[in-house]
Amino acid sequence: MGLGYVGSAAAAGLSKSGHDVLGLDVDRGRVADYQQGRVHIIEPDLPEMIQSSLRTGKLRFLHNDDVSEELGDLVLIATGTPPSANGAADLSQVRTALRWLRDRVSPGTVVVMKSTVPPGTGMNIVENELVSTGIRYVSVPEFLREGNAMHDWFHPDRIVVGADDTESAEVAKAMHTGIDAPFLVTDITSAELIKYASNAFLATKISFINEIASLCDIVGASIDDVTHGVAMDPRIGGASMRAGVGYGGSCFPKDVRALDYLALTNGHNFELLRSAITVNNRQRLLPLHALRERFGRLSGIKVAVLGLSFKPGTGDMREAPSVDLIQALTEDNAEISTYDPVVNSPARAGLTENVRVCSGIQESVEGAQAIVVMTEWGEIIKADWDALSQSMELPKFLFDGRNCLDRDKMIGHGLEYRGVGRNGAVRRGVAPDLCQRARTE
Ligand code: UDX
C-alpha cells in the first residue's frame, strides 16, 4: 500500500523475487501510469524491474477503490509519514491504510509496517486498532538510499524485523527469500527505534564532520586530509563523512526532527540531536554568507546554482539544501539561474518565477559572477570548467558546496575557489605527490 519510493521499490523487489504482488495507491493518475510501466520517480533500474514484472504477471497495480478481492497473506504499508508543523511524524495516512485493510484481510494476515513510524506506534496499533482482529503485525524498517534503492533492496546490510510472535517473524523472513543478509529479530518498538537511531546517527555524523570543516577553515587545516585521517580508524569509518552544505531528502531531516520531538514529549532533551539540526540548518546557508562576504550586497549579482536535487541520482527536491539557499538569495535580490540534470523545469524545481531554470550548465553559467555547486552530479564535476570560467564575468567566484571539484584545477581555470573546510589549508614544503601517496595507501 502506497506507491512512493519505498512502496515502489518493495513492489519491484518482491515481484522480482517471485512473490505475487498487488501494488495499491489512492492516486488514480499514478496507478494508471504504473499499470503502463511508467514510473513517476527517478530511480535506477526501478522502471525496468516494474515493466519486467508486469510482463511476467507477478505484479499488478490497482487503485484502492477498485479492489474487490481479499488481500493476500501479507500486506505491506508504505504510505507517507510526512512531518507535521511541530516536527512530529504525521501518521494519518498510515491510520487510514490500517482502517481500510482491516475489512479486506482474514485473520492470520501479517501487516508489515515499512513506513517510518515513531517508536511505540506499532504497539499502539497492535493494542488498539488490531486488537481482536486476528491480524498480525510486524515492523520491518526500511534502510534504502534514494538512487540506490534496488541495489539496497537486494543487498541490504541487515534485515530488521520487530515482531511479537515467531510465526509473524517467519512470514517476514519468507518475504525476503533469496536475499542474503543478517536477519535481526527484535520486539516491535526496538525495531522502530533502530530505524530512527540509524538515521539520526548518520545525520549527526554529517553535522559533526561539518563542524570539523568549520574548524579547518578557522585553524588552516584541510578537511580532505582531516577526514581521511580520521576515517582510517575502522571504528569511525568514512561513510557519511563528506563535509558540505548538509543533509536533505525525505528521511534524515524528517526522522531527526521526529526523534527529537519524541524525546522531548517524553521528557528527554536530546541535546546532541538538537545540535545536529542546528548545524545542518547553518550549513545550507554557508554559500550565502560566502557570497555576501565577497560581494557585499547581492542585489543584481548574477549567481548560477548548479545542482538542485538533495543528492545526485535522484530528482527528489524534498528538504534539498538548494531550496533554502535559493530562497535566501532571492530575498537578497540576486539574479539566479539554475541547472540540474534531472530537476530541469520550474515545476519540478518548485521554485519561484524569478529563478531561471536552464537546460544546460553552460547556459546557466553564461555571464554569471558566481557559481554555487549544491549537488555533486557527475555531469557538473566533469564539465568543461575552463570553458565555463571563460563565459563568466569577474570575479568568477565559485562556491563548491559539496567539495566535489579539484581546488587547484579550479584556481588554474581562473576561478576564485571556496569549499567547505578547504579554505585555509596550505601545504608547506612537502611534495604534493607524497601527500597523495599517503592518501591512497
Ligand atoms: C538515507 C539513509 O542513508 C537511508 O538508509 C534511509 O533509509 C533513508 O535516508 P537517502 O536520504 O537516500 O538515505 O540519502 P543519503 O545518501 O544517506 O544522503 C542523505 C543526505 O545527506 C544527502 O543530502 C547527502 O548529500 C547528505 N550527505 C550524505 C552529506 O552531506 N554527507 C555525507 O557524507 C553523506
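Overview of results
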read-out	value
Residue 17 accessible area, 1.4 Å probe, all protein chains in place, Å² to nearest 10	40
Local net charge near residue 254, Cβ-Cβ under 14 Å (Lys/Arg +1, Asp/Glu -1)	-4
Surface accessible to a 1.4 Å probe, residue 33 within the full protein complex, Å²	50
Point-charge dipole on Cβ atoms (K/R +1, D/E -1) for the stretch 195-282, about Cα centre, debye to 20	340
Reachable lysines, given that their alpha-carbon falls under 24 Å from the alpha-carbon of residue 195 and they are not under 8 places away in the same chain	114, 173, 205, 254, 311
Overall form of the stretch 5-186 per C-alpha gyration tensor (a/c, 1.5; a/b vs b/c)	rounded
Protein-only accessible surface order, largest first, of 142, 376, 69 at 1.4 Å	69, 376, 142
Estimated inter-spin distance, residue 63 and residue 232, nm [label 7 Å along Cα→Cβ]	6.1
Total charge dipole magnitude, the chain, about the Cα centre, Cβ charges on Lys, Arg, Asp, Glu only, Debye to nearest 20	740
Efficiency of FRET from Cβ geometry, residue 190 and residue 165, R₀ 22 Å, rounded to 0.05	0.90
Cα-Cα pairs of the stretch 242-371 separated by more than 26 Å (percent)	28
Relative contact order %, the chain, counting alpha carbon pairs below 8 Å whose residues are six or more apart	12
Simple Cβ-charge dipole of the stretch 234-306, Lys/Arg +1 and Asp/Glu -1, about Cα centre, in debye nearest 20	360
Near-label residues of the stretch 220-249 by backbone N, under 15 Å of a point 7 Å along Cα→Cβ of residue 151	239-240
GNM flexibility winner over the chain from 111, 245, 219 (Cα, springs under 10 Å)	219
Most positive-pole-ward Cα, 182, 64, 122, against dipole of the stretch 5-186 from beta carbon charges	64
Under 12 Å from residue 409, Cα to Cα: aspartates and glutamates that are on another chain or at least 8 residues apart	384, 386
Gain on full stretching of the segment that runs from residue 352 to residue 127 - 0.36 nm per residue minus C-alpha separation	76.4 nm
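The values are calculated or read from the model by the stated rules, or taken from the named source; none is laboratory data. Given the structure is predicted, the values throughout are model-derived calculations rather than measurements. Heads up, the Cβs are rebuilt from the backbone with ideal geometry, glycines too, and the neighbour counts pull from every protein chain shown. All accessible areas refer to the heavy atoms of the entire protein, side chains included, with ligands and DNA or RNA removed. Shrake-Rupley method; radii C 1.70, N 1.55, O 1.52, S 1.80 Å.
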